[in-house]
Amino acid sequence: MSNPLPAAMEQWLAHLHTHQRYAAHTLAAYRRDLSQLVRLCPGLAPADITNQHIRTAIARLHAQQVSPRSLARTLSAWRSFYHWWVPMAGLALNPAKDVKTPKAPKSLPKALSVEQTQALLDYPAKELHTSPVQLRDQAMFELFYSSGLRLTELIQLDLHYIKENGYESAGWLNLQDNELTVRGKGNKSRTVPLGKKAHEALLRWLEARPSLLKPATPEHDKMALFLGEQGARISPRVVQLQLKKYALQSDIPGQIHPHVLRHSFASHMLQSAQDLRAVQELLGHANISTTQIYTRLDFQHLAKAYDQAHPRAKRKN
């Protein structure tokens, strides 16, 4: 059970929810990270926590075998909270500033090959899947790969933009112009193109979509682009399970999750276009260094092709 949070931390989480519209799982992760700080600094109010307290807390978590990546995420949450709260509280310094964590080994994002991606996306059509759920799934997966979406960005899509009764669309479809508007991390909106295959899959799904609407469907969920079988906006878990099922049926090894299609989109775009700035904009990355990791995937692709094709590169067995 997590520790109760001080009022200031609860206010920050409420601010992220109300004003920044952070996803529920992101807010839950921040809450766990802040609870760690409360647990590691017993009896101390946020204003009493110093830079040394933060360093000691990170050292204790490291001693408990918490991974460098998790430590970095936890410290980032603490730093972000204080960045927001320090000016309001009239404090001199952010106590989490300049604290460093052990370096995490750099790992490449997992991406499918072009052939694997084609097999995954072509499977429903090949099997003549025409039920509303199957048409929905094909449209979702085509959209992930076509536009490089995050899972939360896909879930929040509406049929079109709406602002009424206290509700405002966070993302919406513009089928006429072949584009989507999505709201990503940091509450930043971007417009991304819609490919031909995704457009066709969406048309088929939109014809079948009314059959999943229910009398009990919540009013704002009636605007959701993708619906679950109970008529409400589809949940992240359903998307994950359906993609896993399709991957198994397509004989794709390993654990396939929605972000793999986003990684595949970025990797394949770079292989074809070699335009890092364009991929950065399409993915909605604030910093190009985040996008640059995909150049390493592209280099792996080129290196493999080199090893296979160059007469002086082939290894002896």
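State the number of residues belonging to the stretch 4-29 that are of a type in the set (A, V, I, L, M) and over 16 Å from ARG183 (Cβ atoms). Residues in the stretch 4-29 being of a type in the set (A, V, I, L, M) and over 16 Å from ARG183 (Cβ atoms): 8 in total.
Taking helices (runs of 4 or more DSSP H) as the structural unit, those lying wholly within the stretch 227-310 and holding at least 1 residues that are modelled with pLDDT under 55 and either on the phi < 0 side of the Ramachandran plot or surrounded by 15 or more Cβ atoms within 10 Å (Cβ to Cβ) (or both) correspond to 288-309. In the stretch 155-173, the residues that are without any contact (Cβ under 8 Å) to a residue 60 or more places away in the chain and outside the structural domain of ALA24 (by TED's automatic domain parsing) form Cβ pairs under 6 Å with partners that are of a type in the set (Asp, Glu) and not in a loop (DSSP other than H, G, I, E, B), at six or more places apart or across chains, as follows: SER169/ASP158; GLY171/GLU153; TRP172/ASP158.
The values are calculated or read from the model by the stated rules, or taken from the named source; none is laboratory data. Predicted, not measured: the structure shown is a model, and the values here were computed from it. With ideal geometry, Cβ positions are generated from the backbone for all residues, glycine too; neighbour counts draw on all protein chains shown.
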